[in-house]
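Each reported figure results from applying straightforward, stated rules to the coordinates on display, with no laboratory input. On a predicted model such as this, the values are computed, not experimentally measured, just so you know. As a convention, Cβ positions derive from the backbone with ideal geometry for all residues, glycine included, and neighbour counts pool all protein chains shown.
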Amino acid sequence: MMESIPPVISSVTDQKTRYSPPWVDLSIIGIAGSSGSGKTSVAMEIVKSLNLPWVVILVMDSFYKTLSPEQHAKAHVNEYDFDCPESIDFDVLFQTLSDLKEGKKVNIPIYSFVDHQRQRETTPLYSPHVLVLEGILALHDPRIIKLLDVKIFVEADMDVCLGRRTSKSCAMSEREVEISRALLSSGFLLSNRRTRDMWSLKDIYQDLDIIIPRGIENQTAIELVVKDIQRRLLEKSEKHSAELQKLESLSLDEKLSPNICVMSCTPQFAGINTILQDPSTEQVDFVFYFDRLASLLIERALDNAQYVSTVVTTPQQKNYHGVQPSGTVSAVAILRGGSCLETALKRTIPDCITGRMLIQTNKQTTEPELHYLKLPNKIEEHTTVMLLDPQMSSGGAALMAVRILIDHDVAERNIIFVTCAAGKKGLQRLTAVYPEVKVVVGRIEEEGEPRWLEKRYFGC
């Protein structure tokens, strides 16, 4: 029996400024071909040659339909044709690819060849730079074809395909003779003929970007594909940089949004900042005073949380009319700097639900990149979600962090960005794109000031 195949290898307002983050409109590469032609090997070679961490292979086996009892019985005796178009749920596949194109998180189904049905578990997938769709029928549905940026067909001789398929099946089941007969009798040759006839009869070869004969052996063709993908990624990076510059020029003359709260420079607050800015401050003292400052920021941020009226009975048996939070308050730290504020967060809200995300800027493309994401369960139901980051310069990471929360159905008005220091340009960029987001900032720093707070806090 074959085991489950892993599906993945490796509210807008008129006030908002248009901004397309780099993880939106990803490049999708479709690779089709006969069974045993070497599609998976070609896909893996492309991923290896690109040498990028955000390239994902999506196998179409994940989108098989759940079989009926009659079909299930046929499948167990190798009489069900998994290569026919009717076996794939193209509606779910189309919706999944469409959501990925829009930069949304999706859940990839996992298909069990033991039970011949989808499992309850799914594989989450979020914002790859490149997605490779691999399968016999990857280029069958017209809706899917329209979403593809590059369309590839892998060719191989029929006897080569049969040999590869037989070897693969024998390695899984260890029944060489039975499998060989089953492949021939269950329509392997018919399936491959149908795959080739589908292309020749529809005269759709002209719509392909490239045909790769001999599969993995054709390194010249694979190199051409890799260079084309690299060119597309470079163009997208240049477009993103241009959009950020345009966004900056639009906000240069704008005043700070009323949703930005800059802490008042009281003697206590100024004194704490003086200690933090002093290079001679010992690290233990730096941590102590930074935690004090962070506590003030979080307490100020909680003024923007949602509250409802309530009445409590005092020990003197009198009614006190006050307020209480109207829902759940949670916080998400942008690593690694955001973890500096977690001590103050726990002191202020001991039972606060927390999450984390790691966003780093690519030094070559200057694009923010998501490396890790762990959000609280049902975060979309929380009435207040604080984003924690000790410093914000250009605002690229902040834009991405807010977008991630919104993609997970967090209401924009419920997000509060908390930072100790931020540049004016970064603040203007953030509030120009997301005007309902509230920001609490300790001080406005000079433009281009390097990140240093977390280094002093952690001592490294």
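At a Förster radius of 25 Å, what calculated FRET efficiency corresponds to the Cβ-Cβ distance of Ser264 and Trp452, to the nearest 0.05?
Values: r = 24 Å, r/R0 = 0.95.
Calculated transfer efficiency: 0.60.
Once the gyration tensor of the Cα atoms in the range 254-458 is diagonalised, the equivalent ellipsoid follows with semi-axes of 28, 22, 16 Å, ordered largest first. Taking 24 Å as the limit for the C-alpha separation, the pairs Lys236/Lys424; Lys236/Lys378; Lys104/Lys424; Lys151/Lys227 exceed it in the case of Lys236/Lys424; Lys236/Lys378; Lys104/Lys424.
Rank-order 407-414, 446-453 by packing density, defined as the average count of other C-beta atoms within 10 Å over each peptide's residues, highest first.
Numbers: 407-414: 17.5, 446-453: 12.0.
My ranking of the peptides, most packed first, is 407-414, 446-453.
Over all Cα atoms in the range 78-154, the spread is summed up by Rg and Dmax: 13.4, 40 Å.
Computed extension length for Ser295-Ala242: 15.3 nm, one decimal, from 0.36 nm per residue of separation with the Cα-Cα distance subtracted. Placing dummy labels 7 Å off each Cα toward the beta-carbon, the span from Ser326 to Phe288 is 4.1 nm.
Order of 277-290, 135-148, 60-73 by packing, highest average Cβ count within 10 Å first? Intermediate results must be reported in sequence, preceding the final value.
Details: 277-290: 12.8, 135-148: 18.7, 60-73: 16.4.
Answer by packing, highest mean first, reads 135-148, 60-73, 277-290.
Which residues among the range 299-337 fall inside the zone where the amide N is under 12 Å from a point 7 Å beyond the Cα of Ala411, along Cα→Cβ? Within reach of a label on Ala411: 306-307, 326-328.
The gain in end-to-end length when the Ser68 to Arg143 segment is fully stretched comes to 24.4 nm, 0.36 nm per residue minus the alpha carbon separation.
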